[in-house]
1. So if I check each of Ser68, Ser46, Ser40, which one is surrounded by fewer than 23 Cβ atoms within 10 Å (Cβ to Cβ), over 29 Å from Gln155 (Cα atoms), free of Cβ contacts under 8 Å to residues at least 12 places away in the same chain and of a type in the set (Gly, Ala, Ser)?
2. Specify which of the listed residues (Gln117, Gln165) is surrounded by fewer than 24 Cβ atoms within 10 Å (Cβ to Cβ) and more than 23 Å from Ala190 (Cα to Cα).
3. Among the residues of the stretch 85-104, are any modelled with pLDDT of 95 or more, assigned to a loop (DSSP other than H, G, I, E, B) and surrounded by 22 or more Cβ atoms within 10 Å (Cβ to Cβ)?
4. Take the stretch 49-65 and flag every residue that is within 17 Å of the chain's Cα centre (by Cα), surrounded by fewer than 17 Cβ atoms within 10 Å (Cβ to Cβ) and under 22 Å from Thr118 (Cβ atoms).
5. Does Asp160 meet the test of being among the acidic types (Asp, Glu), in a strand (DSSP E or B) and modelled with pLDDT under 95?
6. Exactly one of these conditions fails for Asp129: (1) modelled with pLDDT of 90 or more; (2) crowded, with 20+ Cβ neighbours inside 10 Å; (3) at negative phi. Give me its number.
7. Could you tell me whether the stretch 116-135 includes any residue that is of a type in the set (Lys, Arg) and outside any strand (DSSP E or B)?
Amino acid sequence: MNRALGLLAGCALCACAQKPAPAVLSEVRGHVRIQESHDSGLRAVSPGQELPEGCWLHTSRDGRAVVSFPDGSRIELAPSSTFSLQQQNPEATGLRFTGGLFRAAVSPQRGRRFRIQTPAAVASVRGTDFRVYVKKAGGTTIDLFSGALSVQDNQGVQRDISGGQRWVVDMEQGLSGAAAAPIPAAVQAAPLEPEAPGVHNAGAPAGRRGKRDKLLIPNDKLRFDAFDVKVPPPPRWDEARAPDSELEPPKP
């Protein structure tokens with residue numbers, strides 16, 4: 001009997017030891033809100049708050065946040081940005097970014113997948129310092145400061161990105177016709193500051209440059225099959241839930 005109780009206690013301790021450490025909001029400035037599920041409302045966050053899988057973070061025009069992961073990786077969110085933690089465990093981290101600007105520093109970990117989904121592409125990360133800008137229409141600009149990235153568009157076209165390169169993934173054309181461009185000096189100096197109109201489109205396919213877009217959450221459903229997890233529906237947006245939000249609600 002005592003032996004059986006000992007085995008049960010050992011199993012319980014083992015299960016607790018294997019529970020993955022959560023991602024944490026290590027820094028918060030300005031107005032930042034969290035929506036923990038599709039049916040819950042937005043509420044204010046505080047530094048040190050743990051982030052559950054499936055939650056959404058929203059920064060307003062004066063809001064900034066830093067998400068820290070157990071392995072030392074971190075995501076810095078600029079103002080007017082929307083981010084979701086889709087998966088977090090020792091084997092895989094899956095993020096979904098639907099609008100705005102962020103910078104990520106990802107620690108290399110053998111055997112772990114770290115991927116980021118945007119409306120236009122999926123980025124597979126392998127020990128990398130980079131930033132991503134997602135426009136209103138979903139087009140994605142990736143600036144890789146160091147490390148290695150593999151990017152795949154919605155048509156299945158894939159490119160390996162080297163340090164110092166900028167790639168623009170168009171919603172319609174994807175990576176077809178796109179080419180590597182150098183990262184602008186202004187971005188190198190201030191990665192979390194927005195660029196002048198048209199600058200972020202350097203390297204985009206011909207005929208797609210110079211268009212200015214406002215940051216917004218797109219109203220389309222994104223593919224997220226790379227993480228083998230169920231994708232929750234996009235969060236609800238209405239004035240009653242987020243009266244101070246600077247993000248526009250999608251059209252019905």
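1. Only one candidate qualifies: Ser40.
2. After applying the criteria, what remains is Gln117.
3. No.
4. Correct list: Pro52 only.
5. Yes; evaluated as a whole, the condition is true for this residue.
6. (2)
7. Yes, some residue in the stretch 116-135 is of a type in the set (Lys, Arg) and outside any strand (DSSP E or B).
The values are calculated or read from the model by the stated rules, or taken from the named source; none is laboratory data. Computed from a prediction, not measured in an experiment: that's the story for all the values here. Positions of Cβ are generated from backbone atoms using ideal geometry, with glycine treated the same way; all protein chains shown enter the neighbour counts.
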